[in-house]
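What follows draws every value from the coordinates through simple rules; no lab data is involved. Keep in mind that this is a model prediction, so the values were computed, not measured. Heads up, the Cβs are rebuilt from the backbone with ideal geometry, glycines too, and the neighbour counts pull from every protein chain shown.
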Amino acid sequence: MSWVTWRQYRAQAAIAAALLAAFTALILVTGVQVASQWHSALTACTAAHSCGNLANTLFLGSHAVGFLVILTLGVPAVLGILLGAPLLAHEFEAGTSQYAWTQSVTRRRWLVAKTGWLLLAAAAIGGIVSALVTWWSGPDNALQADAFKPGRFDIMGIVPVGYAVFAVALGITAGALLRRTIPAIAVTLAGFIAVRMVVFFWLRSHFMAAVTSYFPINGGFNAGSAWQLSAGYVGANGQPLSLPQSTSGPVLGGVNGNGLPVTALPGQCQAAVGNGPFTPATYHAALSCAQAHGIRGYVTYQPASRYWAFQGIETGIFVLLAAALLAITFAVVLRRDA
Amino acid sequence: MTWVVWRQYRTQGAIAAVLLAALAAAVLVDGFQIASHWHSILVACAGNKACLQQQPTLVNGVVSDLPYLCLIVPVVLGMLWGAPLVAHELESRTSDFAWSQSVTRTHWLAVKTGWLLLAAAACGGLVSALTTWWSGPVNAMTGGAFAPGQFDTQGVVPVGYAVFAMALGIAAGAVARRSLPAIAVVLGGFIGVRLLISGLLRPHYMAAVTTYYHLTTGSFTPPGQAWVFSQGAVSSTGVVVASGWGDLYPALQPVCQRLIGSAPASGKSGSMSAVFSCMQAHGWRGFATYQPAYRYWPFQGIETGIYLLLAAALVAVTFAIVRRRDAL
């Protein structure tokens, strides 16, 4: 059966290999450039003592390659559409399942070999693309400290492998249930986007309980490469202050996220400022008044140390979903009359 | 023929209508919230530019991905409706039936492609109209409507993309005669053409404008929603340093280098003004290269025109192939 699978997919495999080789060459060439640009920028800013604002002034790489790297977000969906969805649906549509399932090879073995090799191929492609992107983005991650942020997290590490396996499994299952290729492709595309969005928007930030750190109003808190979920100010009772959506008045502090508008302070602190802009005296009066009321800044975040734990959990979720989908496919195919 | 097209596509049409209605509802709800948020910021800031820049971003949550969705709608339409149009008829041999009726093959193809191209234009236009309206406050706040990414999801260009993707799908299906390879071609071809045109051609639809200014009189920002290519300073010998001043130090004359060395780290305006007057004295000029904001609609028109022409060429190829091919 492995030989049959290879004969059926050698054209696709050649095309995929050629595309991967081209992508690898591009990433390697530009990646070396990015690394040397990063190295020389570090050397120059160390000499000029200006490394503090490097993140605002330095742009690594080119927009075109950077955009291509973001496009790898779509690789799993493409695998699901082109490899997964037709696997069974096209056999049904072309009537070739009647031939394939009346040979000496049992239907179960036929399905095991085909799905096994395709899922392996999907995992390999997802893994290679992710490895290249992860390596290419190394300097940019160091510069922007945003590897944990949504969008970056999704194209690096091991999660792309989980997405690829899930997308192909979804395609296979959709094809087994719908028995037609084009509807299966549509369902794969919509289902993949929907599941990714649900996991990202509603689940990922809750994989582990978020950490909240407090800091003085005029201070700040550097969480490094953490994934910041929210920031603001709390009163003495620990409840977040309700800040106006926008303000033109004077603000205190303002390091993580937004400053603390004077209009959000208790009445007596506002009275200490009066109307108009701060003077040094009124600024310190307002600051000590706010501190006396126990007002502190807070940041809620997932620490950078949890990056690989989150990668593992997210990959696990998608691999489990893929396993469930495969179980459905086997049940459907084994039950169906040839 | 129109009735046949309607019968064949009514399920797809109904699904598309339901999805578009759901999208419109989500966008309208979110859009009104953003608009009222933006209104309260405008009232609070009362024209103070620094205050506007300090405000947090307007959009977040699920609907903030709307522009990305807008980017993929054309290619999805081309893959699911365009590619199978001819290819699936040939694959399932229904072309034998369809092309041996009293309706001529040209008439059959003209009506089918006509309605599908119209549907693609309508879907693209509707999604674009929603995105354009929804993005209004964000454009006003960031001035980025002309920038790559935003330009591609607003105005009339999404209509051009959708028509092109549909035509590409139909032509690929007619050439490949099989749905799946045609779908792969649509996916690769659409992304490739879009990247080529937006990366290589779009910046040159019209010659970019470069404005020079005195470094000592402060910085120059192109007014309105301009598309800025580069900003920074250029020396009398043609050495260019991009704004942000990351590479400034090695490019400067030693006299001016010393001024940076003595300044406390990074570009505080107070410390940089001495450096700028030194640069001014040594023949440096500030510059900004950009496409001015008033060219937004000409650029939208040119880009849409390019894609419509490409679509027309692809439709012509399809007609040539289908008319030449034997029915059996």
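Couple of notes before you dig in:
- Gap separating the Cα centres of region B:74-93 and region A:166-215, nearest whole Å: 26 Å
- Residues in region B:13-32 that a label on residue B:97 would reach, taking backbone N under 19 Å of a point 7 Å out along Cα→Cβ: none
- Taking 7 Å steps out from each Cα toward its Cβ at residue B:46 and residue B:277 produces label points 3.5 nm apart.
- Rounded to the nearest 0.05, the FRET efficiency derived from the C-beta distance between residue A:98 and residue A:134 at R0 = 35 Å is 0.20.
- Here region B:190-208 and region B:224-241 have alpha carbon centers that stand 21 Å from each other.
- The helix-only estimate of mean residue ellipticity at 222 nm for chain B, built from DSSP H runs of length n ≥ 4 each weighted as -39500 (n - 2.57), is -21000 deg cm²/dmol after division by the residue total.
- A Förster radius of 35 Å combined with the Cβ-Cβ distance from residue B:230 to residue B:65 puts the calculated FRET efficiency at roughly 0.75.
- Stokes-Einstein translational diffusion, chain A - Kirkwood Rh over all Cα pairs, 0.692 mPa s, 37 °C, in µm²/s: 138 µm²/s
- At q = 0.19, 0.21, 0.28 Å⁻¹, base-10 log of I(q)/I(0) for region A:170-222 (Debye sum, equal scatterers on each alpha carbon): -0.74, -0.80, -0.96
- Dimensions (Å) - chain B, Cα atoms, principal axes, largest first: 86, 46, 29
- Inter-label distance for residue A:202 and residue A:18, nm, one decimal - labels placed 7 Å from Cα along Cα-to-Cβ: 4.3 nm
- Mean residue ellipticity, 222 nm, helices only, chain A: the sum of -39500 (n - 2.57) across DSSP H runs of n ≥ 4, divided by residue count and rounded to 500, is -20000 deg cm²/dmol.
- With a simple spin-label model that places each label point 7 Å from the Cα along the Cα-to-Cβ direction, the separation between residue A:304 and residue B:147 comes to 2.5 nm.
- Remark: the protein assembly as shown carries a charge dipole of roughly 1240 debye about the Cα centre, counting +1 on each Lys and Arg Cβ and -1 on each Asp and Glu Cβ.
- Coordinate range along principal axes, alpha carbons of the protein assembly as shown, Å, largest first: 89, 55, 46
- Kirkwood hydrodynamic radius (C-alpha pairs) into Stokes-Einstein, region A:60-164, 37 °C and 0.692 mPa s, D in µm²/s: 208 µm²/s
- Subtracting the Cα-Cα distance of residue A:62 and residue A:6 from their residue separation scaled by 0.36 nm leaves 16.3 nm.
- Partner shielding of B:172-184 amounts to 3, given as the average count of beta-carbon atoms from other chains within 10 Å of each residue beta-carbon.
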